[in-house]
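Presented below is the structure to which this report refers.
The values are calculated or read from the model by the stated rules, or taken from the named source; none is laboratory data. What you are looking at is a predicted structure, and each value in this text was computed from that prediction instead of being measured. Please note: Cβ atoms are built from the backbone with ideal geometry, for glycine as well, and neighbour counts cover all protein chains shown.
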């Protein structure tokens, strides 16, 4: 929880201000129309996040990462495209990583001597995260209706879709690296067994 507060403190502050403005009916004043839009947007995003957190947890961990859509396409060059063209390493750590907020998966990532079973579990989580973000993008136009297609609805919705696309890019960048780690772990385990 502390991780989320550190990452989202400014958005939480905006949420508090917008809640006071909305509940106090200050949004009727011409200068405060933004707060009404932000109030509707923020609480809707929170609701979508909570719902899809449970959806993600309920998804089966049986994705085939060797096949498309989870396997890297040739143009992705096993994730190198995202590093070379989108410079993913420069901004990925600035994004919110829910695994740091909800589990200890991120603590396990540092070890190169992990068993293949644990690496496979992390790869499955990366697949689940990608699917969950695609689901969020599909339902995100509902935000436009919730915000009554107000002036701020379109830019806030666009930022929301963009951040979910950025999260998908991170999954697609990281997964080939973990698949490679998984293959090395399998070879290491086979050598030890023989």
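Worth pointing out:
- Considering the range 107-132, the residues that are over 19 Å from residue 60 (Cβ atoms) and either at pLDDT 75 or above or surrounded by 15 or more Cβ atoms within 10 Å (Cβ to Cβ) (or both) include one that is nearest to the chain's Cα centre (by Cα), namely 109.
- Counted residues, the range 48-85 - those being in a helix (DSSP H, G or I) and either more than 17 Å from residue 129 (Cα to Cα) or modelled with pLDDT under 85 (or both): 8
- Conditions (1) at pLDDT below 90; (2) exposed (fewer than 13 other Cβ atoms within 10 Å of the Cβ); (3) over 21 Å from residue 50 (Cβ atoms): number failed by residue 103: (3)
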